[in-house]
Amino acid sequence: MARLATAPLPLQTTPPRMAHVDLLRGLLVVFVVLLHANLRIPFGPSELAQSLGPRLMGILFRSGYYAVIVFFVVSGYLITSASIRRWGDLSQVRPAAFYRLRAARILPSLLLLLMVLSVLHLAGSTWFALDAGKVSLWRAWLAALGLHLNWLEAQVGYLPGPWGVLWSLSVEEAFYLFFPLLCVLTGNERRLGLLLLVPIALGPFARSVFTDNELWQDHAYLSGMDGIAFGCLAALLAHRMPRLPTVTMQRLMLFAGVALSVGVFCFRKEAFHLGLTRFGLQVTLLELGVALLLVVTQWRPWTWCAGVAAAPLRWFGRNSYEVYLTHMFVVIPGAWLYQQTGAPAAWIPLWFVAVVAASGLLGQVVAQWFSEPCNRALRRRGSAPAASSRPPIRPTRS
């Protein structure tokens, strides 16, 4: 199959930012923050909550799990796109370099988080300390770095605060552990694409019939890897089409993507009554919808995403990883502070705004002063400069 020309990037160079991806990631991480804030202080006052209605309340404050699922799709898309740009062909991926680049992005912030949580645990923090009756500190470290914290939580129950959000990293990084090896071993992007259909086929079963543990149904490896696989396939389709489809076909794909994504996000009760939730298919349809949107926006970028109105969400999206890891340090103390002040219910919406904004600021601080410098330093270390005819580009953190 003929391919669109793709010039490899130097190893230490990262792909250009994509405004629509930053916007999407920003929206997703805000949904996660709103979920965790609402679990501690339900959105109010009651008259305002009632005026929003159960459907809009569900979208705003109970979409955290779906947001993480979409994060998986976006991650698969970005990593595959970056690998195509970096190595030209996925069969040429260098596993050692791939792992080093992933470690440079993921490990600094993760290790910092684990060290802070360890100090708080040893200090006996009532907010962040582990329940010694459930799990020890060394066991939690092993699970976080050994990519099985999702499995550990399924065995002992939810872990406190920022420990709990690490389940998604276990799923994502387990996939990336095998991704470069599969790229090389298959030796062909077509065969790799066919292999990616396996987790997509197994995903609904993992969410429904493989286990009766509800937590494992949501957090199992296969329950999230199908989303990453959808993202990988979307990147392959977007970059490897020999020619762009007709405008009519692109519009049909756009319509299907919007319909599936919005349908799952906004019509959950209807999806349940149709039996989709029972078999985990609502997640599959959401992943497919997002994958279609990513393909179409790769071909025809949405210019409005780069506008001023979308700038706040793009800001969240640029720091989404750091916001995701650290937002519980804002949500939990923030809820305690609000309760201690005895503020009236009318102030709750302002509290939500403050929590979301403070979570973004904390993520920005961690990204700007810690994770970005570490990422750049680790990527440069051991990298031989590569010739490139490309002009300098603004980097994205995938």
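Take ALA140 and decide whether it is assigned to a helix (DSSP H, G or I), touching a helix residue (DSSP H, G or I) at 6+ places or on another chain (Cβ under 9 Å) and within 22 Å of ILE228 (Cα to Cα).
In short, no.
Being assigned to a helix (DSSP H, G or I) and within 21 Å of SER125 (Cβ to Cβ) is the filter here; which residues of the stretch 162-179 pass it?
PRO162, TRP163, GLY164, TRP167
Only one of these is of a type in the set (A, V, I, L, M, F, W, C) and under 18 Å from the mean Cα position of the chain (by Cα): ALA256, ALA235, ALA306. Name it.
The unique qualifying residue is ALA235.
Confirm whether PHE179 is modelled with pLDDT of 95 or more and open to solvent by 20 Å² or more (accessible area, probe 1.4 Å).
no
For the stretch 100-152, what are the residues that are aromatic (Phe, Trp, Tyr) and over 18 Å from GLU322 (Cβ atoms)?
TRP127, TRP138, TRP141, TRP151, listed by residue number.
Residue check, LEU52 against (1) in contact with an Asp or Glu (Cβ under 9 Å, 6 or more places away or on another chain); (2) open to solvent by 30 Å² or more (accessible area, probe 1.4 Å), all met but one. Which one?
Of the numbered conditions (1) in contact with an Asp or Glu (Cβ under 9 Å, 6 or more places away or on another chain); (2) open to solvent by 30 Å² or more (accessible area, probe 1.4 Å), the odd one out for LEU52 is (1).
Among the residues of the stretch 188-201, is any within 21 Å of GLU173 (Cβ to Cβ), modelled with pLDDT of 95 or more, out of contact with any strand residue (DSSP E or B) (no Cβ under 8 Å at 6 or more places or on another chain) and surrounded by fewer than 18 Cβ atoms within 10 Å (Cβ to Cβ)?
yes
I'm told THR246 meets every condition in (1) under 30 Å from SER371 (Cβ atoms); (2) open to solvent by 20 Å² or more (accessible area, probe 1.4 Å); (3) among the hydroxyl-bearing types (Ser, Thr, Tyr) except one. Can you identify the failing condition by its number?
(1)
What residue, of LEU197, LEU159, LEU147, LEU182, is of a type in the set (A, V, I, L, M, F, W, C), assigned to a helix (DSSP H, G or I) and closer than 23 Å to VAL68 by Cα?
LEU197
Looking only at the stretch 14-48, which residues are open to solvent by less than 20 Å² (accessible area, probe 1.4 Å) and either free of Cβ contacts under 8 Å to residues at least 12 places away in the same chain or assigned to a loop (DSSP other than H, G, I, E, B) (or both)?
THR14, PRO15, ILE41, GLY44
For residues that are part of a helix (DSSP H, G or I) and open to solvent by less than 50 Å² (accessible area, probe 1.4 Å), scanning just the stretch 205-222, find the one that is nearest to LEU177 (Cα to Cα).
Filtering the stretch 205-222 for residues that are part of a helix (DSSP H, G or I) and open to solvent by less than 50 Å² (accessible area, probe 1.4 Å), the one nearest to LEU177 (Cα to Cα) comes out as HIS219.
When you look at LEU236, is it under 26 Å from ARG190 (Cβ atoms), in a helix (DSSP H, G or I) and either free of Cβ contacts under 8 Å to residues at least 12 places away in the same chain or open to solvent by less than 50 Å² (accessible area, probe 1.4 Å) (or both), yes or no?
Taking the combined requirement at face value, the residue satisfies it.
So how many residues does the stretch 284-319 have that are of a type in the set (S, T, N, Q) and open to solvent by 10 Å² or more (accessible area, probe 1.4 Å)?
3
Could you pull out the residue among MET225, MET253 that is open to solvent by less than 60 Å² (accessible area, probe 1.4 Å), free of Cβ contacts under 8 Å to residues at least 60 places away in the same chain, touching a Pro at 6+ places or on another chain (Cβ under 9 Å) and on the phi < 0 side of the Ramachandran plot?
None of the others qualify; the one that does is MET253.
When the stretch 133-165 is examined, which residues are found to be open to solvent by less than 20 Å² (accessible area, probe 1.4 Å), touching an Asp or Glu at 6+ places or on another chain (Cβ under 9 Å) and under 18 Å from ALA103 (Cα atoms)?
Passing the criteria: only ALA143.
Give VAL258, VAL295, VAL283 a once-over and let me know the one that is within 18 Å of TYR77 (Cα to Cα) and either in contact with a Pro (Cβ under 8 Å, 6 or more places away or on another chain) or among the acidic types (Asp, Glu) (or both).
Step by step, each of VAL258, VAL295, VAL283 is checked, and only VAL283 is within 18 Å of TYR77 (Cα to Cα) and either in contact with a Pro (Cβ under 8 Å, 6 or more places away or on another chain) or among the acidic types (Asp, Glu) (or both).
The values are calculated or read from the model by the stated rules, or taken from the named source; none is laboratory data. Keep in mind the model is a prediction, meaning the values are calculated, not measured. Quick reminder, even Gly has a Cβ in these numbers, built from the backbone with ideal geometry, and neighbours come from all protein chains shown. The protein model used for the area step is the full one, side chains on, heavy atoms only, and it has no ligands, DNA or RNA in it. Shrake-Rupley method; radii C 1.70, N 1.55, O 1.52, S 1.80 Å.
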